[in-house]
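K.L.:
Pasting a structure here, questions to come.
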Amino acid sequence: MAKAVRAGGDREARQRPPAEDVHAAELARLRAEDSAPRPPGWQLSLQAVRRFICGDGATPAKVVCAPALVERAMVTLATSRALLLIGEPGTAKSLLSELLAAAISGCSTLTIQGGASLTEDQIRYGWNYALLVAEGPSPRALVPGALHTGLSAGRIVRFEELTRCPLEVQDSLLSVLSDRVLAVPELTGADGMVYARDGFNLIATANTRDRGVNEMSAALKRRFGFETVFPIADLEAELALVQREATALLARSGVPRSPDPEVLELLVTCFRELREAVDTEGTGMERLSSVMSTAEAVSVAHAIGVKGHFLRGDAGQPEDIVACLAGTAAKDDAEDLARLRRYLDQRVSRRSGAVWRQLYAARHLLTPQ
């Protein structure tokens with residue numbers, strides 16, 4: 001009989017460990033070396049947080065973005081304003097918020113996932129109904145939510161997809177962000193007010209594609225500092241990031257080899273051209289409605305490596321890119337599949353090199369089977 005694994009007892013078995021566990025050794029080293037002044041409640045100084053996220057010479061940057069963006073984000077979080085990271089899907093907004101929370105609070109798991117069904121109680125606090133019926137409202141019966149815990153413990157709270165939440169949920173943040181207090185009207189005395197401790201703040205994310213879903217009120221916008229996270233501009237930087245992340249994902253999937261460098265460069269180049277609607281020669285082309293993000297490129301590189309290793313015993317082939325693109329491009333608009341076919345016929349067909357020829361030869365895989 002298989003041996004049961006205790007919850008949290010086998011960190012290596014977790015598919016997606018939080019940043020504070022993945023980078024525990026580096027965070028410990030930074031804390032030990034950090035002699036710069038820290039904002040109240042922070043575990044690291046701003047200089048150390050920047051080194052953790054942007055790289056410090058000994059380790060590569062964990063996200064590819066301008067250091068100035070990270071600096072502005074840290075300064076916002078060190079004030080009384082919350083931080084809102086906006087941008088296209090797949091531009092590492094969530095990763096950046098996770099890294100900031102892990103470095104500042106030592107914990108990135110106080111996370112609220114926004115959505116149409118989210119309620120105020122889910123983000124603030126709930127009740128153990130057995131204790132509530134037996135004892136009435138009491139601190140023992142209260143089940144703290146992410147906001148309650150973040151305020152009382154002085155930690156960063158992450159709010160994913162803020163603009164996908166109902167307006168009443170968004171408005172419930174106003175008093176928390178303005179007065180730094182959460183009222184618990186069911187309790188009396190000191191237990192009825194939860195005051196923010198040093199270190200508390202909120203990082204929210206929002207996709208530009210979701211504008212108009214549940215637009216933030218002007219009052220709520222005033223309580224945030226806005227930072228836009230742009231797609232990676234440099235090919236080499238994007239290629240290095242996709243290679244690093246895909247290699248890590250493949251290792252967790254039991255694939256002991258890195259992606260084929262030529263196939264990976266082909267993949268990233270195609271994604272960049274389809275995303276920017278400009279080929280490598282600077283000629284304009286049709287833009288897909290689907291988001292051909294760096295995060296999506298990592299997922300495709302992962303899928304290609306898994307398919308190659310487990311089905312053929314190789315590191316992936318150019319034809320695998322075509323097969324994966326069919327599912328990546330045709331998500332929101334069926335016409336994207338036709339645009340992708342035209343890209344292969346009109347652009348890829350003119351490219352030289354063995355991998356480009358193999359990619360073009362596999363264009364028939366775009367036809368639904």
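The values are calculated or read from the model by the stated rules, or taken from the named source; none is laboratory data. Source: prediction; values computed, not measured. So basically every Cβ, Gly included, is an ideal-geometry build from the backbone, and we count neighbours across all protein chains shown. For the accessible areas, the whole protein counts, side chains as well, though only heavy atoms, and no ligand, DNA or RNA atoms are used. Shrake-Rupley method; radii C 1.70, N 1.55, O 1.52, S 1.80 Å.
K.L.:
Of 34, 179, 320, which has the most accessible area and how do the rest follow, probe 1.4 Å?
P.N.:
My answer, sorted largest first, is 179, 34, 320.
K.L.:
Here's something else I'd like to know. Enumerate the calculated ³J(HN,Hα) couplings along the stretch 298-308 in order (Karplus 6.51 cos²θ - 1.76 cosθ + 1.60, θ = phi - 60°), each rounded to whole Hz, writing x wherever the residue is Gly or Pro.
P.N.:
Going residue by residue, I get 4, 4, 5, 4, 5, 5, 4, x, 5, 4, x Hz, with x marking Gly and Pro.
K.L.:
Pull up all non-local amide H partners of residue 193: gap of 5 or more, or a different chain, and H-to-H distance under 5 Å with H placed in the peptide plane.
P.N.:
184
K.L.:
Next question, about the same structure. For a quick check, take a GNM of the chain with Cα springs below 10 Å and name the residue from 257, 29, 124 with the largest mean-square fluctuation.
P.N.:
Greatest mean-square fluctuation among the candidates belongs to 29.
K.L.:
Can you figure out the FRET efficiency of residue 287 with residue 341, using R₀ = 22 Å and their beta-carbon distance, to the nearest 0.05?
P.N.:
0.90
K.L.:
Springs between alpha-carbon pairs under 10 angstrom, Gaussian network model over the chain: which of 130, 28, 66 fluctuates most?
P.N.:
130
K.L.:
Let me ask something else about it. Give the peptides 188-197, 70-79 in descending order of average Cβ contacts within 10 Å, highest first.
P.N.:
Highest-to-lowest ranking by the protection proxy: 70-79, 188-197.
K.L.:
Express as a percent, rounded to the nearest 5, the fraction of DSSP beta bridges in the chain (both residues included) that run antiparallel.
P.N.:
Beta bridges within the chain, antiparallel portion: roughly 30 percent.
K.L.:
Sticking with this structure for a sec: Once the other residues with Cβ under 15 Å from the Cβ of residue 308 are scored (Lys, Arg +1; Asp, Glu -1), what is the net sum?
P.N.:
-2
K.L.:
Okay, moving on. Rounded to the nearest whole Å², what accessible area per residue is found for the chain with the 1.4 Å probe?
P.N.:
48 Å²
K.L.:
Each residue of the stretch 172-177 in turn: what ³J(HN,Hα) in whole Hz from Karplus with 6.51, -1.76, 1.60 and θ = phi - 60°, glycine and Pro shown as x?
P.N.:
Computed from phi, the couplings for the stretch 172-177 are 5, 7, 4, 5, 5, 7 Hz.
K.L.:
On to the next question. Collect residues whose amide H, placed 1.01 Å from N in the peptide plane, falls under 5 Å from the amide H of residue 125; neighbours closer than 5 in sequence don't count.
P.N.:
Residues meeting the amide H criterion: 145.
K.L.:
Roughly what angle does helix 67-77 make with the longest principal axis of the chain, taking Cα atoms, 0 to 90 degrees, to the nearest 10?
P.N.:
20 degrees
K.L.:
Top mean-square fluctuation among 326, 297, 68, Gaussian network model of the chain, C-alpha springs under 10 Å?
P.N.:
Result: 68 has the largest fluctuation of those listed.
K.L.:
Next question, about the same structure. Of the peptides 52-60, 98-106, how do they stack up when ordered by the mean number of other Cβ atoms within 10 Å, highest first?
P.N.:
Taking the mean over residues of other Cβ atoms within 10 Å, the ranking is 98-106, 52-60.
K.L.:
Moving on to the next point. Could you work out the relative contact order of the stretch 269-369? I mean the mean sequence separation of Cα pairs under 8 Å and 6+ apart, divided by the number of residues, in percent.
P.N.:
Here the relative contact order equals 24 percent.
K.L.:
Of the accessible area of the chain, with the probe set at 1.4 angstrom, what percent is carbon plus sulfur?
P.N.:
Accessible surface attributable to carbon and sulfur in the chain totals 53 percent.
K.L.:
In deg cm²/dmol and to the nearest 500, what is the mean residue ellipticity at 222 nm of the chain if only DSSP H runs of at least 4 residues count, each as -39500 (n - 2.57), divided by the residue total?
P.N.:
Taken over the chain, the calculation gives -13000 deg cm²/dmol.
K.L.:
Also: Take residue 280 and residue 119, extend 7 Å from each Cα along the Cα→Cβ direction, and tell me the distance between the two endpoints in nm.
P.N.:
Rounded to a tenth, the inter-label distance reads 5.5 nm.
K.L.:
With the crude spin-label approximation of a point 7 Å out along Cα→Cβ, what separation in nm comes out for residue 218 versus residue 33?
P.N.:
Placing both labels 7 Å beyond Cα along the Cβ direction yields 4.8 nm.
K.L.:
Could you tell me how many degrees, from 0 to 90 and to the nearest 10, lie between the Cα long axis of helix 24-33 and the main elongation axis, the longest principal axis, of the Cα atoms of the chain?
P.N.:
For helix 24-33, the angle is close to 60 degrees.
K.L.:
So what is the relative contact order for the chain, in percent, with contacts set as C-alpha pairs under 8 Å and at least six apart?
P.N.:
Relative contact order here is 15 percent.
K.L.:
Tell me which aspartates and glutamates have Cα within less than 13 Å of residue 93's Cα, excluding those fewer than 8 residues away on the same chain?
P.N.:
Hits, sequence-local ones excluded: 160, 161, 227.
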